[in-house]
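Peer 1: Here's a structure for you.
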Amino acid sequence: MITLGIIGAGDWGKNLVRNFHSLPECRIKWCADLDKKRLDYIKSTYKDIQVTNDPENIFKDKEIQAVVISSSAVTHYPLAIASLTAGKHTYVEKPLALKAREAEEMTKLSHNTKRILMVGHLLKYHPAVTKMKEIIDAGELGTLYYIYSQRVNLGKVRADENAMWSFAPHDISVILYLLGANPVSVTARGESYLQKNIDDVVFVNMEFPGTQMAHIHISWLDPHKIRRITVVGSKKMAVFDDMEPKDKLKLYDRGIDKGFDYETYAEYLSLRFGEVSSVPLPQTEPLQKECKHFLECVKNDQTPLTDGEDGLRVVRVLEAAQESLNQKGMPVSIQLL
């Protein structure tokens, strides 16, 4: 059984505590947070978990094999460095860090200490994304043209990171995964309406080798709650709508076909409106799957699906997008791993 310490018991941290606590493969010995009310909640809900406001109690505990970090994004780097230095396998919520050089240091340290470093790119563990990847790799969509995603709602507004750094890691990680490629340039435009220098809405565009491209719309200032990813290919199209209670993944047998008119010896385009089919998905909670995967990687010393390198790639895209934001949408070239 793997003994864990969890740092951060906020809205998402509580979900991590709940999931890890339900798994027989591990036990949570410590939970750390600076907020007394959060610790009181953990203490009253889970009688077997010790609470503390000092993460050092976790790092110096020799029984602790792995640490889960779900505190604010600005703390990810120092806490992960301390955890890895203490010889603990480390899970970090997204984004891995707020600077590429910090993510690089974290990744190198995990290699040097031979400890697992995993980032919480949750959507890569969603059954719909897993299935979309299978469908794409099987060639069912044909040649991939472009991907676009929308991740918008009203709130939760943050003060320590903008909407892009808060929301876009999910979509960037999925887009790189589905395309199996890294972008060559990034452009981003956004605006700060509620707080100075903290963008509430951002539009990100990524160009990939060849003609593939991707677009992300992120906002916490929107009347709609949308969590949707659309993939357009030459044969079919796929839509993952996470707000749908059922039928989250649909395939559209639609597109535009090229033909040849033998009377005029000219090419022509014809619209194809085929069937829309729902793709069956297993009823599993992505977060529980992600938590299990972390424990399996620690137990078997295997590389996570969302390892430090994956986190670093996403942070590099975010950093390039932030540079473009700062330059009012100027394209920024990018070189990933």
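Peer 1: As I understand it, the value is the acute angle between the Cα axis of helix 308-326 and the longest principal axis of the Cα atoms of the chain; what does it come to in degrees, rounded to 10?
Peer 2: The helix 308-326 is inclined about 70 degrees to the chain.
Peer 1: Given Cα pairs under 8 Å that are at least 6 residues apart, what percent is the relative contact order of the stretch 1-159?
Peer 2: 17
Peer 1: Continuing with this model, one more query. FRET efficiency for Asp48 and Met243, Cβ-Cβ distance as r, R0 = 30 Å, nearest 0.05?
Peer 2: 0.25
Peer 1: Follow-up question, since we're still on this one. Among all the aspartates and glutamates, which ones have a C-alpha under 17 Å from Lys292's C-alpha, if same-chain residues fewer than 8 places away are not counted?
Peer 2: Glu25, Glu93, Asp301, Asp307
Peer 1: Which of the peptides 195-205, 86-96, 285-295, 171-181 is most tightly packed, and how do the rest follow, going by the mean number of other Cβ atoms within 10 Å of each residue? Show your work: numbers first, answer last.
Peer 2: Working: 195-205: 17.5, 86-96: 25.2, 285-295: 19.4, 171-181: 22.2.
Descending mean neighbour count gives 86-96, 171-181, 285-295, 195-205.
Peer 1: Taking the Cα atoms only, what angle lies between the long axis of helix 286-300 and the longest principal axis of the chain, rounded to 10 degrees?
Peer 2: 60
Peer 1: How far apart, in nanometres, would the label points at Thr303 and Lys225 be if each is projected 7 angstrom from Cα along the Cα-to-Cβ direction?
Peer 2: Taking the two extended label points, one gets 3.7 nm.
Peer 1: For the stretch 182-262, what is the relative contact order in percent, using Cα pairs closer than 8 Å and at least 6 residues apart in sequence? Each step should come with its number before you reach the end.
Peer 2: On the way: 123 pairs, mean separation 14.1, N = 81.
Normalised by residue count, the contact order of the stretch 182-262 is 17 percent.
Peer 1: State, as an integer percentage, the relative contact order of the chain based on alpha-carbon contacts under 8 Å between residues 6 or more apart.
Peer 2: Taking the mean separation of contacting Cα pairs over the length of the chain, I get 18 percent.
Peer 1: Which order do the peptides 324-334, 114-124 take when ranked by the mean count of other beta-carbon atoms within 10 Å per residue, highest first?
Peer 2: 114-124, 324-334
Peer 1: If we restrict to alpha carbons, what Rg and Dmax does the chain come to, in Å?
Peer 2: Rg and Dmax of the chain, Cα atoms, are 21.6, 81 Å.
Peer 1: Here is a follow-up. Roll a 1.4 angstrom probe over the protein heavy atoms and tell me the percent of accessible area of the chain that is carbon or sulfur.
Peer 2: Carbon with sulfur: 51 percent of the solvent-accessible area.
Peer 1: Under a point spin-label approximation (7 Å from Cα along Cα-to-Cβ), what is the Met1-Lys62 distance to one decimal in nm?
Peer 2: Those two pseudo-labels are separated by 2.0 nm.
Peer 1: Can you work out the FRET efficiency for the pair Leu34 and Gln288, with r the C-beta to C-beta distance and R0 = 22 Å, to the nearest 0.05?
Peer 2: Computed FRET efficiency for Leu34 and Gln288 comes out at 0.25.
Peer 1: Another question, then. Indicate the gyration tensor shape class of the stretch 91-162 (rounded, prolate or oblate), computed on the Cα atoms with a ≥ b ≥ c the square roots of the eigenvalues: a/c under 1.5 is rounded; otherwise a/b larger than b/c is prolate and the rest oblate.
Peer 2: Oblate, since a/c reaches 1.5 and b/c is not below a/b.
Peer 1: Pairing the Cα long axis of helix 127-137 with the longest principal axis of the chain, what angle in degrees results, from 0 to 90 and rounded to the nearest 10?
Peer 2: With both axes taken from Cα atoms, the answer is about 40 degrees.
Peer 1: Taking 0.36 nm per residue of separation and subtracting the Cα-Cα distance, what length does fully extending Asp11 through Ala138 add?
Peer 2: Length difference between fully extended and current span is 41.9 nm.
Peer 1: Can you work out the FRET efficiency for the pair Arg101 and Asn326, with r the C-beta to C-beta distance and R0 = 22 Å, to the nearest 0.05?
Peer 2: Between Arg101 and Asn326 the formula returns 0.80.
Peer 1: Per residue, how much accessible area does the stretch 1-133 have with a 1.4 Å probe, in Å²?
Peer 2: On the way: 5670 Å² over 133 residues.
For the stretch 1-133, the per-residue accessible area is 43 Å².
Peer 1: Taking the simple approach of a point 7 Å from Cα along Cα-to-Cβ for both Val157 and Ala181, what is their distance in nm?
Peer 2: For Val157 paired with Ala181, the spin-label model returns 3.9 nm.
Peer 1: Using only Cα atoms, locate the centre of the stretch 92-168 and the centre of the stretch 194-212, then give the distance between them in Å, rounded to an integer.
Peer 2: Here the answer is 15 Å between Cα centres.
The values are calculated or read from the model by the stated rules, or taken from the named source; none is laboratory data. Being a predicted model, the structure only gives us computed values, none of them experimental. Ideal geometry is used to build each Cβ from the backbone, glycine not excepted, and the neighbour counts take in all protein chains shown. Heavy atoms of the whole protein, side chains included, go into the accessibility calculation; ligands, DNA and RNA do not. Shrake-Rupley method; radii C 1.70, N 1.55, O 1.52, S 1.80 Å.
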